[in-house]
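Everything on this sheet refers to the single structure shown next.
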Amino acid sequence: MIPIFGGLGALVVSALIAPGIVAARPAGMESGAPSCFVTGGGGLEICRDGSEAEGVLIAPAPCAFVRGVQILRLPRTEAPGPIQTLFQGQTPIASRRDEPCPERRATDSRDGGSLRTGRTFEALVTTLPPTADRFWVDLPEVRGRSRGWSEPTPAAEGIGPRDPIAVAGRDWAGEAYSYVFLLGQERVAAADDSDTQTQGRRGRRTSDRDDPADGPADVRRRVQIEARTLDFQSFEIRTRTADGYGLAWTPFAPGSGRREPPNPAAVIDEAGKPVASACTAPAFETHGLAGSISVVDHTYHYVYTDVLPEDCGLAPEKRRTALYLRTAQDLSGPKVWSTARKLAGPLPPGSLVRVARAKGMQRWAVSYTCQRPANAPGGPVADICLQYTTDMNLDGIGALTLYADPVEAGRSPAYLGLRSGGDGSGRYDRSAHFWMTDAQGNLDTPSIYPSKAGFLTWLDRLAPTASGRDTSSLYGRPVYWATWTVRRIGAQ
């Protein structure tokens, strides 16, 4: 179990922006005066008045990390409660040492492939519940003699689940399964690496790697994989049959001895092609396919970012991205998703965008990584931005102006003004943000915040660790939560 602590506060700031409509922030922002923005085509407003709640969701131990926390309200209440939390965590490693939690660093691209879940009471949603590993790659522990830290070495390719997205199956048709889509990495032979012309390194803030030294080329491509569950404790992985042509659901059990973990099959689209990232890259630099899944009118909407194909020849940290949409009617079929449709772009390199139906409205809510403008209070620091569309027309997502020119700078006046975290010197990192949803992936809030429009989570890899050591930029770093409020313009 990861040790946790929680905290409540009233320091978060919220703001939204509409397509083409941006209200200037009043100069009184830092003094506590309201700072309002018009969004949703001029029909909605977000005002910062200092009352928004914010706190610490978890401060993991030095041997653990938490990223991409989705909080899911289950349609039925089961012990200990209806709130299901799931996220990407560290890979468990076998250790014979007496030390129960050795200091760890991210030095192998397959270390960090564990899906963790836990359930809690409604009132405890602001603190991460006790969680357990559900499936992962088996990694025996070895000692890095020259480095002085534990460096896991993978025993097999197996499953490397990252960036989980959970959503209910066709519950309107009586289906009991929930599905979790994750990102694995497939190795690409050097001869096939035609679109990786340079092995550039991503900066420390956006890479999950801690070792600054480049090792032998390990070129990979992201692929989407799929699992299903009845209780979020036991999972079946979608795999290929022995002949390589059929599909099967294989229960996951930790590998031991000669037992190998199931090798997941890539999710296939209607054209018969794997759902895979556009570009290959070194293992720690792969990008693409991270996003969200929202069910509207019995249709699954998978919205995600991927690298623009024309940028594959650039260094990974310079590759621009775009926002794409795939839809589905049934997540259990042999060909799950439609072919990709571009919604918006270009977007800055490394962008993460989440899309869901807004709580209590027929609108899309769009959250995304951004930088505050240079003239904003606190300067151009990392934040999370948020906009609403005017209706449920999917083209409205593409009509939003997510970033100011130049787009590559990633700046937007639609920043939330989050204040938690940071390294104490004014630098922040808002990574792997997610939010609370209902079972169908649409925005929801805890019952303790009924009037709020959303409940956000994010990781800060610059914030101090609970142990006070900065060995890793990922392990031990805290995850935070915040709410935001929206009101209709003209409402009393």
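Name the shape class, rounded, prolate or oblate, that the alpha-carbon gyration tensor gives for the range 211-362, where a ≥ b ≥ c are the square roots of its eigenvalues, rounded holds for a/c under 1.5, and otherwise prolate holds if a/b is larger than b/c and oblate otherwise. Oblate, since a/c reaches 1.5 and b/c is not below a/b.
Rounded to the nearest 0.05, what FRET efficiency is calculated for ARG487 and ALA374 with R0 set to 35 Å and r the Cβ-Cβ distance? After rounding, the FRET efficiency stands at 0.75. Stretching ALA248 away from ASP171 to a fully extended chain increases their span by 25.6 nm, per 0.36 nm per residue minus the current alpha-carbon distance.
Around ASN442, under 14 Å between beta carbons, what's the net of Lys plus Arg minus Asp minus Glu among the other residues? Residues near ASN442 contribute +1 overall.
Our note on the geometry: Cα centres of the range 339-401 and the range 422-436, 17 Å apart. With a cut-off of 10 Å between beta carbons, the residues surrounding LEU183 carry a summed charge of +1, where Lys and Arg count +1 and Asp and Glu -1. To the nearest µm²/s, what D does Stokes-Einstein give for the range 293-424 at 25 °C and 0.890 mPa s, using the Kirkwood radius over alpha carbon pairs as Rh? Translational D for this selection: 154 µm²/s.
For the range 279-312, backbone nitrogen atoms closer than 18 Å to the point 7 Å from LYS273 Cα along Cα-to-C-beta are found at 279-281, 287-290, 302-312. Projection of the Cα convex hull of the range 420-480, averaged over all directions and equal to a quarter of that hull's surface, yields 5.4 nm².
Scaling against 2.2 N^0.38 Å puts the C-alpha radius of gyration of the range 386-492 at 1.29.
Every number in this text was worked out from the coordinates using simple rules, so none of it is lab data. On a predicted model such as this, the values are computed, not experimentally measured, just so you know. Using ideal geometry, Cβ is built from the backbone for each residue, glycine included, and neighbour counts are taken over all protein chains shown.
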